[in-house]
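Following: one structure in structure tokens, then a few remarks.
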Amino acid sequence: MSLQQRKWFYLVILSFIWGTSYILIKKGLEGFAPLQLVSLRIIIAGGLLLLIGFKSLKTIKKEDWKWLALSGFVGSFFPMFLFAFAQTEIDSSVTAVLNSLVPLFTLFVGLFAFGISFTRNQLLGVLVGLLGALLLVVFGSSMNPEQNYWYAGLVVIATICYASNANIIKSKLQGVSPMGIAVGNFVCILLPGLALLPIAGTFNSVVVSGDFFWSSLGYIVLLCVIGTSIAKVLFNKLIQISSPVFSVSVTYLIPIVGIFWGIMDGEAFALEQFGASLLILAGVYLVNKKKKKAT
């Protein structure tokens, strides 16, 4: 398999995995509070990664650990919180579409933090994408007045975190293996994740019992094994063999998968929302247009 074929293979697989992750989070929240879900994700995924990739820690240099810690919190710890709390109020399909903002923010983070320039067309793409996101929130709020669409802002913050992480891995962790990055990330956030568990139990807003306990636990385990552990390694590999903007272009396909699962679960997704989603993807296309030669 050529390098170009491998990049697209990773991209498609990640699109399906992460597009499915939002419905898994939604199902996990039926039986667990957001803090509990986040804590369980960190503990289960971290334990699994340590089990299968412990040897990779020996290859990590001392100077890389500060970047691994930053990558772990920015690329995993904080987004897990933000998505879990956001989906207590907004649909999983909307969350999946809003995640498409990642390439737009990757461009901005690359400019301001790493000095990567962009063109006028790419700036236009950012504006078009942000307009689409705004319209998606407005349409969703009018369709679902019982939902608090201010929580969509948490998803936007999470996309900025993902964008920052892509640039950190590409610019600072090229010498660390994809498995080493994934394991190192979770080594850094495992203790905070463990510390959250008793706090989540003490301030629990959802009774962890009844019909949803075992099904929700099963969805969380599936989310951890595939959506976090395996996907983390694949994404780190994708970043290292491509550009940051190409790697986060996984968000082209995530909305399709996310909307499909949302509709299958009974979520409403109107024609206006499809139009807003297309605006976001058009913006992502413009942002990526210049980068094609570099991928």
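The values are calculated or read from the model by the stated rules, or taken from the named source; none is laboratory data. Keep in mind it's a predicted model, so treat the numbers as computed, not measured. Here the Cβ is made from the backbone with ideal geometry for all residues, glycine too, and neighbour counts use every protein chain on show.
Things worth noting here:
- Those residues of the stretch 127-174 which are closer than 18 Å to Val284 by Cβ and of a type in the set (Gly, Ala, Ser), in sequence order: Gly129, Gly132, Ala133, Ala152, Ala158, Ala163, Ser164, Ala166
- Filtered residues of the stretch 197-210 (kept if more than 8 Å from Gly31 (Cβ to Cβ) and either aliphatic (A, V, I, L, M) or modelled with pLDDT of 60 or more (or both)): Leu197, Pro198, Ile199, Ala200, Gly201, Val207
- Put simply, of Val94, Val102 the only residue that is surrounded by 24 or more Cβ atoms within 10 Å (Cβ to Cβ), assigned to a helix (DSSP H, G or I) and touching a Gly at 6+ places or on another chain (Cβ under 8 Å) is Val94.
- The listed residue being over 25 Å from Ser177 (Cα atoms), in a helix (DSSP H, G or I) and of a type in the set (Phe, Trp, Tyr), out of Phe54, Phe16, Phe112, Phe73: Phe112
- Residue check, Leu130 among the hydrophobic types (A, V, I, L, M, F, W, C) and surrounded by fewer than 21 Cβ atoms within 10 Å (Cβ to Cβ): yes
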